[in-house]
1. Quick check on my filter: what residues within region 388-422 are hydrophobic (A, V, I, L, M, F, W, C) and free of Cβ contacts under 8 Å to residues at least 12 places away in the same chain?
2. Give ARG338, ARG289 a once-over and let me know the one that is of a type in the set (D, E, K, R), modelled with pLDDT under 95, in contact with a strand residue (DSSP E or B) (Cβ under 7 Å, 6 or more places away or on another chain) and within 16 Å of the ligand (Cβ to nearest atom).
3. Within the group ASP396, ASP438, which residue is assigned to a loop (DSSP other than H, G, I, E, B) and surrounded by fewer than 20 Cβ atoms within 10 Å (Cβ to Cβ)?
4. Which of the residues belonging to region 487-516 are out of contact with any Phe, Trp or Tyr (no Cβ under 7 Å at 6 or more places or on another chain), under 25 Å from GLU390 (Cβ atoms) and either crowded, with 16+ Cβ neighbours inside 10 Å or of a type outside the set (A, V, I, L, M) (or both)?
5. Can you tell me how many residues in region 241-285 are within 12 Å of the ligand (Cβ to nearest atom) and either in a helix (DSSP H, G or I) or not β-branched (Val, Ile, Thr) (or both)?
6. Just one of the numbered conditions (1) over 28 Å from LYS246 (Cβ atoms); (2) assigned to a loop (DSSP other than H, G, I, E, B); (3) open to solvent by less than 20 Å² (accessible area, probe 1.4 Å); (4) not charged (D, E, K, R) is not true of LEU354; which one?
7. Testing ARG455 on (1) closer than 23 Å to LYS510 by Cα; (2) under 34 Å from the mean Cα position of the chain (by Cα); (3) free of Cβ contacts under 8 Å to residues at least 60 places away in the same chain, one condition comes back false. Which one is that?
Amino acid sequence: MTQEELFKKLISHCKEYGFVFQSSEIYDGLSAVYDYGQNGVELKNNIKQYWWDAMTRLNENIVGIDSAIFMHPQVWSASGHVGAFNDPLIDNKDSKKRYRADVLIEEWMEKQSAKITKEVTKAQKRFGDSFDEAMFLQTNPRVVKTQEKIDAIHNRMATSLENNDLAEVKKIIEDCEIACPISGTRSWTDVRHFNLMFETKMGSVSDDANTIYLRPETAQGIFVNYLNVQKTGRMKLPFGIAQIGKAFRNEIVARQFIFRMREFEQMEMQFFVRPGEELEWFEFWKEKRMRWHKAMGFGDDKYRFHEHIKLAHYANAAFDIEFDFPFGFKEVEGIHSRTDFDLASHQKHSGKKLQYFDLETNKNYIPYVVETSIGLDRTFLQVLAGAYTEEKITKDGGKVDERVLLRIPPALAPIKLAVFPLVKKDGLPEKARQIMDDLKIDFKCQYEEKDSIGRRYRRHDAIGTPFCITIDHQTIEDNTVTIRHRDSMEQERVDVSRLREIMEEEVSMKTLLKTI
Ligand code: ATP
């Protein structure tokens, strides 16, 4: 199965099993807007809890807030979003498709890098154990030439974006002979800027004074509350403020399902530190955030860091954590050293002092900030892509069967326990309900009595339920049930009184948090 086929399957799986629906589907949908279904919302809430607890429980010096989506319009002038929250866009005249110019160039560079990787693999095969990769990369003429080409384009792109030289960005696209993936032609418009913020009007009088924006990031709600939290929480540097909430961007190229949406959710944490210590904390949070991702167990090789070529207007260091999606390695989280840009700018625009008095040094200063900013929807997609598995099972008698399962980390699974009475009579449904009533306060359980047990297993494999229990006639006699494990499909007979303990051990958030 190609990665493209896998991605298509994943998208239809999301719909079929109540994870993600297109927004307003009965009206043919709204582009790049999605709704979460009955299982999707559970998974999403669990991811939020995993992040929230990792931030606000495991770190004594991080507290949370929940700020409004609407903010004073001056916030966005101060943050630079009114002036600089722009993407360079370019249109292909033949296909009429619009692209982000920087993304086209980055994709070109990735293609060139892939050529190098291919050469390395070929040489590895040829030379076997004696192969010295570092030496090969330095000396093979074809590889050296390709790498030089990549480096040169990389530098030209960084400089042109830095200087806002859009004509040069177009020239790079032409020099690299980049063609539109749809029309295959190189007939491009000039590169233009496009502001990504959605505008709306507040109040009944529609003039410019009432224009407000839907926030394009949750971070600014944290910055404008910095002093409130610091004072009322008597917080001492270093400390962090975390927030989960909706953000809105009028993305030019909205595609790849929930990877790039126009309405999405972010989980952001701003960590306030002493000026001069920011790069140390930047390293600290880079590593710590990577551990959070890897603890979900999809394989360490699925992640990598990517250093930003073009730093945002506020940053002095920036790395992304990328996940290996079916459409390649792409950003799920950004870790940015934002300096004192935001607080200093809000201090200037609002006229309110946003300073910290450091008792140790007896000095007043504006703190520096290290930000961790992760997309909830992209993490959701990461979990589904990492968990989606098709498996062949050889049954007794040699018959081969197939199952689709989601190996979602148990703590994040939408349903933790499925409860099945073997048959719909002989008091088994009543017994099953009784067991479920006892457990449902602690764990999300689902009762199912329709279809064969095998079919019920398959349905729950497909939504990632880690445990299914079956109540049969023996249960009535000795109070034991069969518990079946999702990944191994192993079944064991256990006493009903042990269920809570088994579940607690395997599916609680505590278990996952301990592995970070
Ligand atoms: P990209 O380069 O992919 O547009 P970005 O660098 O603009 O992303 P940030 O501004 O750093 O993204 O936002 C932080 C996180 O928010 C991203 O890592 C991503 O997970 C998430 N995010 C940003 N834009 C979107 C979007 N349109 N849809 C879904 N998630 C998004």
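The values are calculated or read from the model by the stated rules, or taken from the named source; none is laboratory data. Quantities reported herein were computed from a predicted structural model and do not represent experimental measurements. Using ideal geometry, Cβ is built from the backbone for each residue, glycine included, and neighbour counts are taken over all protein chains shown. The accessibility values were calculated without ligands, DNA or RNA, using every heavy atom of the protein model including side chains. Shrake-Rupley method; radii C 1.70, N 1.55, O 1.52, S 1.80 Å.
1. To start, the set of residues in region 388-422 that are hydrophobic (A, V, I, L, M, F, W, C) comprises 393, 400, 404-406, 408, 411-413, 415, 417-420, 422.
Passing the criteria: only VAL400.
2. Values: ARG289 fails: modelled with pLDDT under 95.
Result: ARG338 is the single residue among ARG338, ARG289 that is of a type in the set (D, E, K, R), modelled with pLDDT under 95, in contact with a strand residue (DSSP E or B) (Cβ under 7 Å, 6 or more places away or on another chain) and within 16 Å of the ligand (Cβ to nearest atom).
3. Working: ASP438 fails: assigned to a loop (DSSP other than H, G, I, E, B).
Of the residues listed, the single one that is assigned to a loop (DSSP other than H, G, I, E, B) and surrounded by fewer than 20 Cβ atoms within 10 Å (Cβ to Cβ) is ASP396.
4. In the first step, residues of region 487-516 are kept if they are out of contact with any Phe, Trp or Tyr (no Cβ under 7 Å at 6 or more places or on another chain); the result is 487-502, 504-506, 508, 510-511, 513-515.
Imposing the further condition that a residue be under 25 Å from GLU390 (Cβ atoms) reduces the set to 487-491, 506.
Within region 487-516, ASP487, SER488, GLU490, GLN491, GLU506 qualify.
5. Number of matching residues: 23.
6. (1)
7. (1)
Residue-by-condition table, conditions (1) of a type outside the set (Lys, Arg); (2) touching a residue at least 12 places away in the same chain (Cβ under 8 Å):
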| position | (1), (2) |
| --- | --- |
| SER113 | yes, yes |
| THR121 | yes, no |
| THR146 | yes, yes |
| LYS149 | no, yes |
| THR189 | yes, yes |
